[in-house]
Amino acid sequence: MNFILKMAWRDTRASRRRLLLFSLSVVLGVAALVAVGSLRDNLARAIDDQTKSLLGADLVIDSRGAPSREARALIASLGGEQSREISFNSMLLAPGGGTRLVQVRAIERGFPFYGEFETAPAGARERLAAGPVAIAEQSLLVQFGLAPGDRVRLGGAEFTLAGALLKVPGENAVFAAFAPRIFIPYALAEGTGLLKPGSLVRHRVYVRFPPGTEVEALARKERDRFRAQRLSFDTVEDRKRELGQSLGQVNDFLALVGFAALFLGAIGVASAIQAHVRLKLPTVAVLRCLGASERTSFAIYLLQGLGLGVTGSVLGGLLGLAAPAALPPLLRDFLPFPLELQVAWPAVLRGTGAGLVVTAVFALLPLLEVRRVSPLLALRSALADAGAPRDPWRLALLAAIVALVFGFAVWQTGRLALGGALAGALLACFAVLAALARLTAWTARRLRWRALPYAWRQGLANLHRPHNRTQLLLVSLGLGTFLLLTLDLTRGTLLTQLRSVGGADRPNLMFFDVQDDQVGPLTSLLRDQGAPVRQQAAIVTMRIAAVKGRPVTPLLKEGPGRGGSWALRHEYRSTYRSALVDTERVVAGTFTGRAAPGAARVPVSLEEGVARELGVQVGDALDFDVQGVPVAAVVGSLRRVEWRRMQPNFFVVFPVGVLDDAPKFHVLAVRADTAEASARIQQAVVRGFPNVSAIDLTLIIRTVDGVFAKAAFVVGFLALFTVATGVIVLAGAVLIGRHQRVRESVLLRTLGASRRQVSRIMLAEYLVLGALGAFTGAALAVAANWALARFLFDAAWAAPSAGVILAAGALVSAATAATGLLAGRGVCDHPPLQVLRQET
């Protein structure tokens, strides 16, 4: 062993710099894994540390609509300290006439029981009990130039701003960007005049129990009673699980991006070891002649490969510890708690261990060649043992690599199906790129390029020269392009889907909570503002009382999976109309637009998803409780609804003639051609109809775009590890073939080629490789974008712009050519005679 260690170290003297360069590819892959793992461990620790401040209470009970007397009695019987809240959306009218959809939250003293309610100035929370004061989101104050002491209007009431909201326990700033929050006293909610019949209002009760109370056990005990009263609840453990699952999905994706970087770096290591071993074959043959066994020769170079993996893994672990420091500021808006990073040693060990294992497995492939070196090679170095039989160990290692990729993906995601699908997609990308490399070399060898200039002919011929790096370069370039472009295209798909909702001539401004007596005057006002009503729908609040003759209450007690269905507890806001609209189509049964007089049961149309949840089909009976009035119905048809369109869509549609006299409110949709027109229309409506709220699609699109941009930057930050790995592998591949390049350039110069011609040959080769890798990676990204749109986001897919694909191809091609030329500098500086003498 002493001899093996000394020989392994001495044998690297002439190639340590080159091997160190390839260790950098492993460094970046391990760094990405450690960075993501460290971030995940720190997030899990922060979630555990925050505990009750994630919810602001021990238990939160939620009701859509005012809870019944029995529900209030049930909540009161729980004991503990309780604080109520009423939340609803409304339009805020600023002093200068500006308007904005806000989320109004009327709270009692006591909320939150845990965590800090942060305001500027500090202490503004205590002033909510002093009268008509409000605390508004800081973004609202900035948008309208407001300051504490200014007055704003909500419905029919005015409030004095006590300060700006900075932080609320358990909530983050991302969702507040859609409808900024404004807090007012609980007792003044009714005085706003916004709590009209049918209004979309949510009631919450926050409960703090005495220390030592088993809240989880209490919630499980009362679960059936909560369901019977159509109450939902949330505990601290529920919130921790939900938050962990949502963050875990992002972490899984980022971890797989890091693994892709490690996988690519391992391929670079395998290529480096392969080139290194081929240069050392004469040395191995000499060692065999001097009595070294096959096992000893193999151990020397295996030790070098392991040393490469250990060096890269350790350096990558150290770099991975520093990388997450850049992420907390980027993640601040997405997290409902502050994130303080600590050293996550388990993540470091996992990342470095994965790097060492992957590097060792990939390095073994080229090292198998050492086992077949015969002592005869020292005397007949010009001949190779081309007739050697296929090595069964090589096939076993290839199978181990495939198993390693799948095992790692499943381990990272925690799910067999998802991990297998992602690993399969990654391997498919590698397979496509490797097959393209073989096809490229075959085409370059078979076709004649006589019409091209000499430099281009020679550059294309280099693609199939002995010991070329075509396969390695195409794989690294294609994978880097694939990952980054997939992120960009997916973001574009989601935004395009949103923009198409209000595109063309479709409505993009919706007014809701319109009362019966306001429909006519509001319609006239909108017409005068140049925005006639495009669509209108009446909305009636109701609940399901029985399904196929069985009352809902016993169904709710049947437990999760059936009785726990949200569709049974849901408070439906349904409509009636005589015909379908353009966002829906019948998939089963027949739509009935007008009820037949005297029918025992009214034929209704259900959205197919809610019908699936309820377990009903066409012909099944449904009984509705329409604000205390029973209505017997039958499923007459099932509809498929395009929910993404900005217009009134419903789970349940009744025929005309049944709900016409029921208490209801209305939704009106119009189109505003410009942002200025939208603002003008909203201001006019808020002044004339304070209770009416508006949703502006253009504002939603801008908000979502900003959220996507931040999320894409976080993901792209770690995806750049893969791109950087590809660049290092590219530079290393050029250096590996440097000896071959020097020999080729000398022969070309001996035959009369100039330095410029040699440079043009190299430029032609790298431009072709860059273009093939970039455009293949772009094609794979388009396919992945289609799959994500089709199977994950359920969105209509549109082919990306050709300009994006061309720009990505041009950028990657130029970067490849520049990297190749920089890494190949000096190949023409060697004297021809010196090189030719080495050949003799």
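The values are calculated or read from the model by the stated rules, or taken from the named source; none is laboratory data. Because the structure is predicted, anything quoted here is derived from the model rather than measured. So basically every Cβ, Gly included, is an ideal-geometry build from the backbone, and we count neighbours across all protein chains shown. Protein only, heavy atoms only, side chains kept; ligands, DNA and RNA dropped before computing areas. Shrake-Rupley method; radii C 1.70, N 1.55, O 1.52, S 1.80 Å.
The residues neighbouring Leu526, those whose beta-carbon lies less than 11 Å from its own, together hold a net charge of +2 under the Lys/Arg +1, Asp/Glu -1 convention. So what's the net charge close to Met542: Lys and Arg +1, Asp and Glu -1, counting the other residues with Cβ under 9 Å from its Cβ? With Lys, Arg at +1 and Asp, Glu at -1, the neighbours total 0.
With all protein chains in place and ligands, DNA and RNA left out, the 1.4 Å accessible area ranks Glu108, Glu118 as Glu118, Glu108, largest first. With 20 Å as the limit, the listed pairs Lys548/Lys664; Lys6/Lys280; Lys196/Lys664 have Lys548/Lys664 beyond it between alpha carbons.
Taking every protein chain into account, the 1.4 Å probe leaves Asp488 with about 80 Å² of accessible area, to the nearest ten.
Between Arg371 and Phe791, the contour length at 0.36 nm per residue exceeds the alpha carbon distance by 146.5 nm. Counting charges near Leu140 (Lys, Arg +1; Asp, Glu -1) among other residues having Cβ under 12 Å from its Cβ returns a value of 0. Looking only at the stretch 71-107, which residues have a backbone nitrogen under 18 Å from a spot 7 Å from the Cα of Ser524 in the C-beta direction? The answer is none, because no backbone nitrogen lies closer than 18 Å to the label point.
Label positions at Glu158 and Glu116, each projected 7 Å from the Cα along the C-beta direction, are separated by 3.4 nm. Under 5 Å from the amide H of Asp513 lie the amide H atoms of His666, each residue being 5 or more positions distant or on a separate chain, with H modelled from the backbone and absent for Pro and chain starts. With a simple spin-label model that places each label point 7 Å from the Cα along the Cα-to-Cβ direction, the separation between Leu811 and Val656 comes to 5.5 nm. Distances between placed amide hydrogens fall under 5 Å for Lys167 paired with Glu118, all partners being 5 or more residues away or on another chain.
Between Gln342 and Trp449, take the C-beta separation as r, use R0 = 41 Å, and let me know the FRET efficiency to the nearest 0.05.
0.10
Taking all protein chains together, Arg465, Arg569 sort by accessible area into Arg569, Arg465, largest first [probe 1.4 Å].
For His464 and Arg278, what is the calculated FRET efficiency with R₀ set at 22 Å and r taken between the beta-carbons, to the nearest 0.05? So the FRET efficiency works out to roughly 0.80.
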